[in-house]
Amino acid sequence: MKLPEILSLVKVPRMEKNNGLQINDNTISDNSAERDLIIGTNYSFNEVRAKSNALANLLLRCKELRSSDPEYKYMLDELQEYLLPRPGRKIIGLEGKLREGDRLDLLEDALFLENKFARRVSKNQFSSSEEVIYCHCLSKINSSFSHYIKPLFKNTVSTAIIERMIFDRIVEPLYEEVSEVNAAVSFDLIRGMIFFLTGKCHIRWVG
C-alpha cells in the first residue's frame, strides 16, 4: 500500500502551525529535516530547547557561600546521597539492575562507563565547583530519568526509542549545559553517571 493510501486511512485532527510544521486533515507539509515525525506515537525528538543557565548560576552562587553555610552543607549532603546506595532498595549492583530491566545488552558498555565516573568519585578530592557540577548532574539525571524514561518501560516501546530518548532528553541537553562551564565532562562521562546511579539503585530500568 502506498503512503498516500495509508494516510487516507488515518484521520489526523487539524492542528495550528508549530515551528513550520503543518498538519491539516490528511496532509502533512513543511516538516523540516530537524524534526522527527512519528505517526501513531506521542514521542518527539529534537525539540528546540531554551538554553539553561541554571548550572552557571549555581556556580556563581557557590562562590558567595562559605563551607560553613547551611545551604552549602545541604548541597554536599545531597551529593553524598547520590554517591552512596539508595536506602530502602535491595542492592544488586549494576548487572543485577540491568538484568531486572532485561537490558543486559548494555552491560559491557555500562560497566566501562560506570567505572569511568567511579574513578572520578574515588579520588574524593572535588573542588567546590566540581561538587556543584556533579550534584547538579546527578540530581538532574535522576529526575529526568524518572520523568521521561521510566514511563516508557510501562509501554511496549522499542529499546531504540528508549536509547534515543535517553540521549535526547538527558545526555545531550546536560552536556550542552555543563560544557559551558567545564570542559572535563564528556558525553561518555554523563552516560557513566547514568549507569553509576543505576548501580547505586537510584535508577531502575523497569516501570
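Quick look at the values:
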{"read-out": "Helices (runs of 4 or more DSSP H) (entirely within segment 103-178) containing at least 1 residues that are without any contact (Cβ under 8 Å) to a residue 12 or more places away in the chain and within 17 Å of C201 (Cβ to Cβ)", "value": "128-144"}
{"read-out": "Residue match in segment 117-130 (condition: more than 18 Å from L59 (Cα to Cα) and aromatic (F, W, Y))", "value": "yes"}
{"read-out": "Residue, modelled with the lowest pLDDT, within segment 65-90, restricted to residues that are under 15 Å from S127 (Cα atoms) and of a type outside the set (G, A, S)", "value": "R66"}
{"read-out": "All positions within segment 179-207 that are free of Cβ contacts under 8 Å to residues at least 40 places away in the same chain and part of a loop (DSSP other than H, G, I, E, B)", "value": "S179, A183, A184, S186"}
{"read-out": "Selected residue (criterion: farthest from R204 (Cα to Cα)) from residues of segment 80-102 that are assigned to a loop (DSSP other than H, G, I, E, B) and of a type in the set (G, A, S)", "value": "G88"}
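Here is a yes/no grid of residues against (1) crowded, with 16+ Cβ neighbours inside 10 Å; (2) small (G, A, S); (3) assigned by TED's automatic domain parsing to the domain that holds S129; (4) modelled with pLDDT under 95:
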residue	(1), (2), (3), (4)
I166	yes, no, yes, no
V171	yes, no, yes, no
Y175	yes, no, yes, no
S179	no, yes, yes, yes
A184	no, yes, yes, yes
F187	no, no, yes, no
I190	yes, no, yes, no
M193	yes, no, yes, no
R204	yes, no, no, no
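Residue by residue, here is whether (1) among the polar types (S, T, N, Q); (2) touching a Leu at 6+ places or on another chain (Cβ under 9 Å) holds:
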position: L113; (1), (2): no, yes
position: A118; (1), (2): no, no
position: S129; (1), (2): yes, yes
position: N142; (1), (2): yes, yes
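The values are calculated or read from the model by the stated rules, or taken from the named source; none is laboratory data. Nothing here was measured: the structure is a model prediction, and the numbers come from that model. Cβ: placed from backbone, ideal geometry, glycine included. Neighbour counts: every protein chain shown.
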